[in-house]
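Below is one structure, written out as structure tokens; the observations come after it.
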Amino acid sequence: MIHLLLILVGAVLVNNFVLARFLGLCPFLGVSKKVETALGMGMAVTFVMVVASACTWLLQYLVLTPFDLEYLQTIAFILVIATLVQMVEMIVRKSSPVLYQSLGIFLPLITTNCAVLGLAVLNIQQGYSFVESLVFAFGAAAGFTLALVLYAGLRERLTLCPVPDAFRGTSIELITAGLLALAFMGFAGLVPG
Amino acid sequence: MLAAVISLGSLGCFAAILLAMAARRFAVKVDPRQAALLDVLAGANCGACGYPGCSAYARALVAGTARPDLCRPGGPETLARIATILDIEVAPGEPQIAVVRCRGDRQQSRAKYDYQGLEDCRAAQKLAFGPKTCPGGCLGLGSCVQHCPFGALSINEQGLAEVDRDRCTGCGLCVSVCPRQVLALAPAGSHIHVQCNSPDAGRKVKNYCHVGCIGCRLCIKTAPECFVMEGFLAKVNYGHQKPTAMADAMERCPHHCIQDLAEPGEAAPHSPSVEERTS
């Protein structure tokens, strides 16, 4: 139990996907203009990451490993994740229009996101069991959401600030992201090992 | 090599079959009119219709829960096309345009204090009701400029908001964002406007600035029914305009707050600045 908790905390804070591993920077910069949309994106990522890590884990240990096809891992994972997201989008659209309204537009954005693929590959590299990989996926997604919402909050305030002309736009956004990543460095050493 | 081709091929086929089945099983019928409407709408996603984006408005139109004349940027042209798609009859309303109801620039108006803070009128307004003595004057920090989706607004050198009549679509976003309601919508066809927003009596307004409406009612005497009084502030009665009488009133307005905005080149009669008067 403690072991699972360590994985969770490690994924959320210490090895934060965006701020320590630098995965998923595209949605991090793209969907962080408003806290509200950042939260929606975070929810969608959480959902996709958990489902995708379950599917890719099964694919790895039921198909790829028994048939000695580990070298196809990357392309097989991309295929499965893309299919999965497409199908989830269709199902959600049909079964729950309300959920589709809040998550729907974000789903295609993360179809082939590097954070999702990175998570699937890391699961295998770390040798996690099925339950561990699910916990790791949830932690990674929660960390992504946390970073996204914090950054969106910073950006909302930044729009009102008198920023020097040379720093306006992307440059001040990247500087802010860097400072946020520095702040997260403080969590290093929280989880031993 | 062969194993890779077979396994990936079968995985791909499996995924394709799964997706094809899902697409059929979970198909959602969308009204074709919705896509057509989305093409017709202005596509600025400005939110002036009250819906989050053009696609949401299109959906509401098809569902019949929205009025068809809400797309301000599109204007009467869009309205007519929406009417053809939805097969309904509508009478186009008159297009509107935003008007800045203030001429009290840095020279003409008196400041209450020196504001140094967020470059945002709403923030400034919260600090002792704004850095201008006049409670209705333009603060000139550009909240409206930031919110205009069409780039029709700017802050001029004298610290006043200005509307580009060619670019303004009358969407009204600036009106709702301005903390002092300096901006207002007026019919795009009318050129003569009262450019003051101060609700106070003449004696106070004279203290605030040199180009404010003091409520002398001279314009109403000159052009009856073309102007109306709201408290101590004259307003144009846009439903009842007589150009010649109104031009007369414009000439006679002692503080030059009635302005013809169609002729930007013709400057208002010279009114001495604060420095000139005090010296």
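The values are calculated or read from the model by the stated rules, or taken from the named source; none is laboratory data. These numbers were taken from a predicted model, which means no experiment stands behind them. Backbone-built Cβ (ideal geometry, glycine too); neighbour counts: all protein chains shown. What goes into the accessible areas is simple: the full protein's heavy atoms, side chains included, and nothing from ligands, DNA or RNA. Shrake-Rupley method; radii C 1.70, N 1.55, O 1.52, S 1.80 Å.
Note on B:I220 and B:E162: the extension gain reaches 18.2 nm, defined as 0.36 nm multiplied by sequence separation minus the Cα-Cα distance. Inter-chain neighbour count for A:73-80: the average number of beta-carbon atoms from partner chains within 10 Å of each residue's beta-carbon is 2.
Straight-line cross-link reach from A:K34 at under 12 Å between alpha-carbon atoms covers these aspartates and glutamates, not counting any fewer than eight positions away in the same chain: A:E156. A dipole drawn for region B:96-278 from +1 and -1 charges on Cβ atoms has a positive end, and of B:V211, B:C134, B:V175 the residue lying farthest that way is B:C134.
About its Cα centre, the dipole of chain B is roughly 880 debye, where the only charges are +1 on Lys and Arg Cβ and -1 on Asp and Glu Cβ.
In this structure, B:R25 and A:M43 have a Cβ-Cβ separation that, at R0 = 30 Å, corresponds to a calculated FRET efficiency of about 0.75.
Quick check: from the Cα gyration tensor, does region B:96-278 come out rounded (a/c under 1.5), prolate or oblate? Since a/c reaches 1.5 but b/c is at least a/b, the shape of region B:96-278 is classed as oblate. Given the options A:G118, A:G178, A:G42, which has the most mean-square fluctuation in a GNM of chain A, springs set between C-alpha atoms less than 10 angstrom apart? Greatest mean-square fluctuation among the candidates belongs to A:G178. Here the protein assembly as shown has 62 percent of its accessible surface on carbon and sulfur atoms, given a 1.4 Å probe and all protein chains in place.
Apply the a/c threshold of 1.5 to the C-alpha gyration tensor of region A:5-96 and tell me whether it is rounded, prolate or oblate. It comes out oblate by the Cα gyration axes. Inter-chain Cβ neighbour count for B:18-26, averaged per residue, equals 4 (cutoff 10 Å, partner chain atoms only). For B:K206, give me every one of the aspartates and glutamates with a C-alpha distance below 16 angstrom, ignoring sequence neighbours fewer than eight places off in its own chain. Within the straight-line limit of under 16 Å, B:K206 reaches these aspartates and glutamates: B:D105, B:E275, B:E276. Surface burial for A against B, with a 1.4 Å probe and both sides summed, reaches about 1700 Å² of accessible area. I'd like the FRET efficiency for A:C161 and B:A262, computed as 1/(1 + (r/R0)^6) with the beta carbon distance as r and R0 of 22 Å, rounded to 0.05. With a Förster radius of 22 Å, E is 0.05. The 3J(HN,Hα) values that the Karplus relation (6.51, -1.76, 1.60; θ = phi - 60°) gives for region B:211-221 are, in residue order, 10, x, 6, 9, x, 7, 6, 4, 5, 6, 5 Hz. Gly and Pro appear as x.
A cut-off of 5 Å between modelled amide H atoms, ignoring neighbours fewer than 5 places along the same chain, links B:K112 with B:K132, B:T133.
With a simple spin-label model that places each label point 7 Å from the Cα along the Cα-to-Cβ direction, the separation between B:T244 and A:L5 comes to 9.0 nm. Cα centroids of region A:79-129 and region B:117-144: 46 Å apart.
Given +1 at the Cβ of Lys and Arg, -1 at the Cβ of Asp and Glu and no other charges, the dipole of region B:33-86 around its Cα centre is 100 debye to the nearest 20. Entry comment: accessible area of region B:1-159 is 57 Å² per residue, from protein heavy atoms only and a probe of 1.4 Å.
Evaluated with a Cβ-only charge set (Lys, Arg +1; Asp, Glu -1), the protein assembly as shown carries a dipole of roughly 960 debye about its Cα centre, given to the nearest 20.
Using a cutoff of 8 angstrom between alpha carbon atoms and counting only pairs six or more residues apart, the relative contact order for region B:96-278 works out to 23 percent. With R₀ fixed at 22 Å, the C-beta to C-beta distance from A:C55 to A:S96 puts the FRET efficiency at about 0.60. Using C-alpha pairs under 8 Å with a sequence gap of at least 6, the mean separation divided by the residue count of region B:58-98 gives a relative contact order of 33 percent.
Counting only protein heavy atoms and a 1.4 Å probe, chain A has 50 square angstrom of accessible area per residue. Averaged over peptide A:83-93, the number of partner chain Cβ atoms lying within 10 Å of each residue's Cβ comes to 4. Annotation for region B:77-109 versus region B:36-60: alpha-carbon center distance of 16 Å. Amide H contacts of B:A234: B:G215, each under 5 Å away and 5 or more positions distant or on a separate chain (H built 1.01 Å from N in the peptide plane; Pro and chain starts excluded).
What shape does region B:33-86 have by the C-alpha gyration tensor, where a ≥ b ≥ c are the square roots of the eigenvalues, rounded means a/c under 1.5, and otherwise prolate means a/b greater than b/c and oblate the rest? Because its axes are fairly even, with a/c under 1.5, region B:33-86 counts as rounded.
Put a dot 7 Å past the Cα of A:F130, heading toward its Cβ, do the same for A:T112, and the two dots end up 3.0 nm apart. Amide H contacts of B:Q96 (H built 1.01 Å from N, in plane; Pro and chain starts excluded): B:A188 sit under 5 Å, all sequence-distant by 5 or more or on other chains.
Go through B:K204/B:K235; B:K112/B:K221; B:K132/B:K235 and tell me which ones have a Cα-Cα distance over 26 Å in this structure. Cα-Cα > 26 Å for B:K112/B:K221; rest within.
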